[in-house]
Each structure stands twice: as structure tokens, then as C-alpha cells.
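Where a number appears in this text, it was derived from the coordinates with a stated rule and is not lab data. Computed from a predicted structure; not experimentally measured. Please note: Cβ atoms are built from the backbone with ideal geometry, for glycine as well, and neighbour counts cover all protein chains shown.
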Amino acid sequence: MVAAPRRALGWLRWYLAEFTGETAYERHVAWLRRHDPSAPVPTRRAFERRRTDERYGDPRAGHHRGCC
């Protein structure tokens, strides 16, 4: 009886983490280590900064993917 709600809560936690982008850094580090193990791994702060800059950066730069 307890297993079903526990599974549902686990799924909800996973879904929210994916939806909010919380797991993006971990996925990036895993990808980087798979494709170039000798490449330096950015800190989470540097990764998030770059991600924010890419999302909301200068629209004239040609890589603007944010809203508005």
C-alpha cells in the first residue's frame, strides 16, 4: 500500500527536477566526461551563468533563444 504513493512521489520529484532544469548541470557533466574526458568541467556557477547568458543574452548576437 505504501509503495504506490512512494513511487508517485519519486516520479513527481524527478519530473519537477527535469522540468525546472535542475538536472541540466549533471547531464552536461556526464555528457562532457563521455565525449571528452580530459576537458575541464565548469563549476555549477559558471555553467548556470553561461546558460543564463545564452538564454537572455544580447538578441543581436544571433543566439537569443529566450522569450520576447
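What ranking of 19, 47 emerges when the number of other C-beta atoms within 10 Å of each C-beta is taken as an exposure proxy, fewest first? Provide the component values of the computation, followed by the final result.
Working: 19 9, 47 16.
Going from sparsest to densest Cβ surroundings: 19, 47.
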Per 0.36 nm of contour for each residue apart, how much would the distance between residue 23 and residue 2 grow if the chain were fully extended, relative to their Cα-Cα spacing? 4.9 nm
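Quick check: residue separation of residue 50 and residue 14 times 0.36 nm, minus the Cα distance between them. What number comes out in nm?
Numbers: separation 36, 0.36 × 36 = 12.96 nm, distance 2.40 nm.
Gain on stretching residue 50 to residue 14: 10.6 nm.
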